[in-house]
């Protein structure tokens, strides 16, 4: 029990340190930009293919139910709301945790094991500011963009599926998908992914940066980064959905 | 501490968990002196180097770098003292995502106001000094072990430090490359009067570079003296380490 509390305490302190360091000069904009490019490029294909596949599958599943109520016309709206409100943010976050979280954890743990982090400190360079803060901020900034991209791919996948089944035109599908869909259905759920990004970046960096188990720690840091950040993203989602409903009651479907 | 001393450790102890790595270790190194830390594996030699540059903090004791007690320093003050110290890590510890050139340029770009042209000149000079001018655009993974050590040495010297801490500079290298690394260290000491603290298992190297030997045994300072003084030391481990037997 004490080990768990120690771990939670260390993780929270690490997160607070990241937050404080993010507002201190220098802002490492070139590093943040570099990591946004890397994280985005690494995840884009995965997010696109998953979004497309989920879009197709979701339409196939919902359509059979909607037929029973004679409400197949609702399928596009169900698709867009499903992606905007929950599927897009959560799945994009879990994909980022799997694809990028492991990579961040392993890279930093390897740098620790090969004394590169010590070398930075020995050269009077703040390794935390250089290695951790830009990675976390990149996750925070890139995840809403990936989520929006996933939403688009999901809706496109839904259209493809619907088009095969009912030959619906793109304009009618778009019109139905966005009919009565409010900004509050899109903006708060997408913005909540900044918090998911912070969790993924912080947890992955925490495991990588603080390991002291040599080469063995590299694999462990990668695994722990994925498992813990995925778990915390799901837990945070439960809390954030409740908060969004409180602030934007209209966004509740 | 004496103003002649470049480094002084006073009753330094350090443990990791229940493992007491160093216990009440005291010694000093004069300005321009070269001291070799000898001892069996796991006796705290590398930890001592990392304590001197404050990568680890001692559990008790004081560590003086010139007139600064480094264990009490934080932030910019600590950075200021660290810039007077160069550290050559055992593996070279080059940043593997950037080129050899950028490994040297990184600290200059971040910590000085030098122009790009000045930085280029410093990097070029440092790489020429270690005979790596042709490797400037290579990635660390493309370098051999000896080249990596030389690049690490060039990076450690980029601020022209008054103290150079060296962790097993020739381990795993062939005798010729090892001798070249030793030449570079000796040159640094003679031409720049750099204080050297070298962790080594190589007696040939220790005898060639070291003015004095500090022998660590089970976390304690077992002996301190010139190679001649330690040859007939009463402690058998010291005698065996100094004789190589």
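The values are calculated or read from the model by the stated rules, or taken from the named source; none is laboratory data. Worth saying up front: this structure is predicted, and the values here are computed from it rather than measured. Neighbour counts are summed over all protein chains in view; Cβ atoms, including those assigned to glycine, are modelled from backbone coordinates with ideal geometry.
Confirm whether residue B:126 is more than 12 Å from chain A (Cβ to nearest Cβ), surrounded by 14 or more Cβ atoms within 10 Å (Cβ to Cβ), in a helix (DSSP H, G or I) and in contact (Cβ under 8 Å) with a residue 40 or more places away in the chain.
Considered against the rule, which asks whether it is more than 12 Å from chain A (Cβ to nearest Cβ), surrounded by 14 or more Cβ atoms within 10 Å (Cβ to Cβ), in a helix (DSSP H, G or I) and in contact (Cβ under 8 Å) with a residue 40 or more places away in the chain, residue B:126 comes out as no.
Looking at A:64, A:43, A:80, can you tell me which residue is farther than 22 Å from residue A:212 by Cα and either free of Cβ contacts under 8 Å to residues at least 12 places away in the same chain or within 14 Å of chain B (Cβ to nearest Cβ) (or both)?
Going through A:64, A:43, A:80 in turn, just one is farther than 22 Å from residue A:212 by Cα and either free of Cβ contacts under 8 Å to residues at least 12 places away in the same chain or within 14 Å of chain B (Cβ to nearest Cβ) (or both): A:64.
Name the residue that is nearest to residue B:188 (Cα to Cα), counting only residues in segment B:90-102 that are touching a helix residue (DSSP H, G or I) at 6+ places or on another chain (Cβ under 6 Å) and either surrounded by fewer than 19 Cβ atoms within 10 Å (Cβ to Cβ) or at the interface with chain A (Cβ under 9 Å from one of its Cβ atoms) (or both).
Looking at residues that are touching a helix residue (DSSP H, G or I) at 6+ places or on another chain (Cβ under 6 Å) and either surrounded by fewer than 19 Cβ atoms within 10 Å (Cβ to Cβ) or at the interface with chain A (Cβ under 9 Å from one of its Cβ atoms) (or both), I get B:92.
Check residue A:183 against each of (1) surrounded by fewer than 20 Cβ atoms within 10 Å (Cβ to Cβ); (2) in contact (Cβ under 8 Å) with a residue 12 or more places away in the chain and name the one condition it does not meet.
(2)
Quick one: would you say residue B:120 is in a helix (DSSP H, G or I), buried (at least 16 other Cβ atoms within 10 Å of the Cβ) and without any contact (Cβ under 8 Å) to a residue 60 or more places away in the chain?
No.
Please tell me if residue B:85 is crowded, with 21+ Cβ neighbours inside 10 Å and free of Cβ contacts under 8 Å to residues at least 60 places away in the same chain. I'd like the intermediate steps shown before the answer.
Details: crowded, with 21+ Cβ neighbours inside 10 Å: yes; free of Cβ contacts under 8 Å to residues at least 60 places away in the same chain: no.
Considered against the rule, which asks whether it is crowded, with 21+ Cβ neighbours inside 10 Å and free of Cβ contacts under 8 Å to residues at least 60 places away in the same chain, residue B:85 comes out as no.
Only one of (1) surrounded by fewer than 16 Cβ atoms within 10 Å (Cβ to Cβ); (2) free of Cβ contacts under 8 Å to residues at least 40 places away in the same chain is not met by residue A:214, so which one is it?
Going through the list (1) surrounded by fewer than 16 Cβ atoms within 10 Å (Cβ to Cβ); (2) free of Cβ contacts under 8 Å to residues at least 40 places away in the same chain, residue A:214 breaks only (2).
Determine which member of the set B:66, B:80 is within 18 Å of residue B:162 (Cα to Cα), facing another protein chain (nearest Cβ under 9 Å) and surrounded by fewer than 21 Cβ atoms within 10 Å (Cβ to Cβ). Explain how you work it out, then say what you get.
Values: B:66 fails: facing another protein chain (nearest Cβ under 9 Å).
So the residue among B:66, B:80 that is within 18 Å of residue B:162 (Cα to Cα), facing another protein chain (nearest Cβ under 9 Å) and surrounded by fewer than 21 Cβ atoms within 10 Å (Cβ to Cβ) is B:80.
Hey, among B:212, B:208, B:218, which residue is out of contact with any strand residue (DSSP E or B) (no Cβ under 9 Å at 6 or more places or on another chain), touching a residue at least 24 places away in the same chain (Cβ under 8 Å) and surrounded by fewer than 22 Cβ atoms within 10 Å (Cβ to Cβ)?
Answer to the check: B:208.
Taking the options A:147, A:194, A:190, name whichever one is assigned to a helix (DSSP H, G or I) and closer than 20 Å to residue A:57 by Cα. If you could, list the steps in order and put the result at the bottom.
Working: A:194 fails: closer than 20 Å to residue A:57 by Cα; A:190 fails: closer than 20 Å to residue A:57 by Cα.
Residue meeting the stated conditions: A:147.
If you take the residues in segment A:6-24 that are out of contact with any helix residue (DSSP H, G or I) (no Cβ under 9 Å at 6 or more places or on another chain) and within 19 Å of residue A:141 (Cβ to Cβ), which one is surrounded by the fewest Cβ atoms within 10 Å (Cβ to Cβ)?
A:23
Among the residues of segment A:132-161, which ones are within 14 Å of chain B (Cβ to nearest Cβ) and either surrounded by fewer than 24 Cβ atoms within 10 Å (Cβ to Cβ) or more than 20 Å from residue A:207 (Cα to Cα) (or both)?
Answer for segment A:132-161, where residues must be within 14 Å of chain B (Cβ to nearest Cβ) and either surrounded by fewer than 24 Cβ atoms within 10 Å (Cβ to Cβ) or more than 20 Å from residue A:207 (Cα to Cα) (or both): just A:134.
Out of segment A:41-61, which residues are surrounded by fewer than 19 Cβ atoms within 10 Å (Cβ to Cβ) and either within 17 Å of residue A:197 (Cβ to Cβ) or in contact with a strand residue (DSSP E or B) (Cβ under 9 Å, 6 or more places away or on another chain) (or both)?
Scanning segment A:41-61 gives A:41, A:42, A:44, A:46.
Given the conditions (1) at pLDDT below 90; (2) buried (at least 16 other Cβ atoms within 10 Å of the Cβ); (3) assigned to a loop (DSSP other than H, G, I, E, B), and given that residue B:131 satisfies all but one, which numbered condition is not satisfied?
If we test residue B:131 against (1) at pLDDT below 90; (2) buried (at least 16 other Cβ atoms within 10 Å of the Cβ); (3) assigned to a loop (DSSP other than H, G, I, E, B), just (2) comes out false.
Just one of A:160, A:143 is in contact with a helix residue (DSSP H, G or I) (Cβ under 7 Å, 6 or more places away or on another chain), without any contact (Cβ under 8 Å) to a residue 60 or more places away in the chain and farther than 30 Å from residue B:77 by Cβ; which is it? Explain how you work it out, then say what you get.
On the way: A:160 fails: without any contact (Cβ under 8 Å) to a residue 60 or more places away in the chain.
Among A:160, A:143, only A:143 is in contact with a helix residue (DSSP H, G or I) (Cβ under 7 Å, 6 or more places away or on another chain), without any contact (Cβ under 8 Å) to a residue 60 or more places away in the chain and farther than 30 Å from residue B:77 by Cβ.
In segment B:34-63, what residues are free of Cβ contacts under 8 Å to residues at least 60 places away in the same chain, more than 14 Å from every other protein chain (Cβ to nearest Cβ) and either surrounded by 17 or more Cβ atoms within 10 Å (Cβ to Cβ) or under 16 Å from the mean Cα position of the chain (by Cα) (or both)?
Result: B:58, B:61, B:63.
Might you check whether a residue that is in contact with a helix residue (DSSP H, G or I) (Cβ under 6 Å, 6 or more places away or on another chain) and surrounded by fewer than 23 Cβ atoms within 10 Å (Cβ to Cβ) occurs anywhere in segment A:201-208?
Checked segment A:201-208: no residue is in contact with a helix residue (DSSP H, G or I) (Cβ under 6 Å, 6 or more places away or on another chain) and surrounded by fewer than 23 Cβ atoms within 10 Å (Cβ to Cβ).
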